[in-house]
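**Q** Starting off with a structure, shown below.
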Amino acid sequence: MKVRISTGEKVFRVCNYIILTLVALVCLYPMWYVAVASVSDSNRLMAHSGPLLKPLGFSIASYAKVFANPMIVKGYGNTLFILVVGVFLDLIMTSLGAYFLSRKGVMFKKPIMMLIMFTMFFGGGMIPFYLTLRDLHLTNSRWGLIIPFLISTYNMIILRTSFESIPVSLTEAAQIDGAGHFTVLFKIILPLSKSILAVMVLYYGVGIWNAWFWASAILRDRELYPLQVVLREILISNDTQAMGSGGGDAEAIAMSIKYATIMVATVPILFVYPFLQKYFTAGVMIGAVKE
């Protein structure tokens, strides 16, 4: 049977589409502006004012100068190391914690959960945290950006909720056959939780990729800087000398280099989402509906 849509509903839908389209354009235009500016002619871009909808000429000289900067390549290497190792260890530790908290009959489960949730709202502060890293010899080391951030309480709660939704009969059957907790976790629970694990990969990955504060606080050796700290130096400190922007109109070339640097640092993480989208849309709804 065909459902009849009232005039008011039609007007609402049209207005809704228009508003959402405008919001999408407002969100996408800054990205489009940076992408177009990064391949525009430097001098024409410097002289341009107002909206930028298409490239002003075409030049990839700014990208060539970006990749000519050795700090960009080193920053990529450091970021990839922290990203791959960090996400892998994050998933392992978060899965172990979520599995423990999702089991029935665990002694002092509620008090332990309350103590863990307490850390979401209260922390020791920036200075004590830094002093702890210093005393553990984690300053000026890439491990200082990995080990202290192995578990996100919020992510662990999401993962615990997902594990609790898996039928207990599956784990009980495995335990009757002699499976231990590690076997149950890695051979039953995790293979059935691919959607939520994809969400965890995205959450942790984006967080690590965008992180810059603690890297700039604990790293003294510039050879260890991740990409975002290098990007911050270029954008805030106006540090474009290493990219060969001294000739010609230096200010115009520096502007194009900044836009190209933003694209180089942003595009890789944007390409990750399409591969995780089908898992993300399913996993992100975990815990949204109670049975």
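The values are calculated or read from the model by the stated rules, or taken from the named source; none is laboratory data. Given the structure is predicted, the values throughout are model-derived calculations rather than measurements. Cβ placement follows ideal geometry from the backbone for every residue including glycine, while neighbour counts extend to all protein chains displayed. What goes into the accessible areas is simple: the full protein's heavy atoms, side chains included, and nothing from ligands, DNA or RNA. Shrake-Rupley method; radii C 1.70, N 1.55, O 1.52, S 1.80 Å.
**Q** If Lys and Arg each add +1 and Asp and Glu each add -1, what is the summed charge of the other residues whose beta carbon sits under 9 Å from the beta carbon of S256?
**A** On the way: positive: K65, K258; negative: D41.
Charge balance in the 9 Å sphere: +1.
**Q** What is the Cα centroid distance between the stretch 178-213 and the stretch 60-95, reported in whole angstrom?
**A** 21 Å
**Q** Accessible area per residue, 1.4 Å probe, Å², for the chain: what's the number? Provide the component values of the computation, followed by the final result.
**A** Numbers: 17770 Å² over 291 residues.
So the chain comes to 61 Å² accessible per residue, rounded to a whole number.
**Q** Using a cut-off of under 18 Å, list every residue of the stretch 79-99 whose amide N is near the label point 7 Å from the Cα of I116 along the Cα-to-beta-carbon line.
**A** 89-99
**Q** Set the bar at 31 Å for Cα to Cα. Now go through K109/K187; K109/K194; K110/K187; K54/K194; K10/K194 and name every pair that lies beyond it. Could the numbers behind the result be given before it?
**A** Values: K109/K187 24 Å; K109/K194 26 Å; K110/K187 27 Å; K54/K194 41 Å; K10/K194 39 Å.
From K109/K187; K109/K194; K110/K187; K54/K194; K10/K194, over 31 Å: K54/K194; K10/K194.
**Q** Share of the stretch 169-236's accessible area from carbon and sulfur, percent, 1.4 Å? The partial results should precede the final answer.
**A** Working: 2090 of 3470 Å².
That fraction is 60 percent.
**Q** Right, something else. Efficiency by 1/(1 + (r/R0)^6): what FRET value for D135 and L28, r their Cβ-Cβ distance, R0 = 30 Å, to the nearest 0.05?
**A** Values: r = 46 Å, r/R0 = 1.54.
Between D135 and L28 the formula returns 0.05.
**Q** Nothing charged except the Cβ atoms of Lys and Arg (+1) and of Asp and Glu (-1): what's the magnitude of the dipole of the stretch 79-207 about its Cα centre? Round to the nearest 20 debye.
**A** Numbers: 9 positive and 5 negative charges, 21 e Å.
Using only the charged Cβ atoms, the result is roughly 100 debye.
**Q** By how many degrees, 0 to 90 and rounded to 10, does the Cα axis of helix 272-283 deviate from the longest principal axis of the chain?
**A** The helix 272-283 is inclined about 30 degrees to the chain.
**Q** Short version: ³J(HN,Hα) in whole Hz for each residue of the stretch 65-75, in order, from phi by Karplus 6.51 cos²θ - 1.76 cosθ + 1.60 (θ = phi - 60°), x for Gly and Pro, what are they?
**A** 6, 5, 6, 6, 6, x, 5, 5, 5, 5, x
**Q** Show that you can apply the helix-only estimate: for the chain, add -39,500 (n - 2.57) for every DSSP H stretch of four or more residues, divide by all residues, and state [θ] at 222 nm to the nearest 500.
**A** Values: 14 runs with 193 residues, N = 291.
So the helix-based figure for the chain works out to -21500 deg cm²/dmol.
**Q** To the nearest 20 debye, what is the magnitude of the charge dipole of the stretch 1-160 about its Cα centre, counting +1 on the Cβ of each Lys and Arg and -1 on the Cβ of each Asp and Glu?
**A** Values: 15 positive and 4 negative charges, 127 e Å.
Its charge dipole is roughly 600 debye.
**Q** Okay, next question. Out of these labelled values of Kirkwood radius over Cα pairs in Å, (1) 18.9; (2) 20.6; (3) 22.9, which was calculated from the coordinates shown here?
**A** Recomputing Kirkwood radius over Cα pairs in Å here gives the entry labelled (3).
**Q** Length gain on complete extension for the stretch E9 to F58, per 0.36 nm per residue less the alpha carbon to alpha carbon distance? Before the final figure, lay out the partial values.
**A** Numbers: separation 49, 0.36 × 49 = 17.64 nm, distance 4.65 nm.
Taking 0.36 nm per residue and subtracting the Cα distance, the gain is 13.0 nm.
**Q** Find which of G57, P70, I189 sits farthest along the positive direction of the dipole of the chain, computed with +1 on the beta-carbon of Lys and Arg, -1 on that of Asp and Glu, about the Cα centre.
**A** I189
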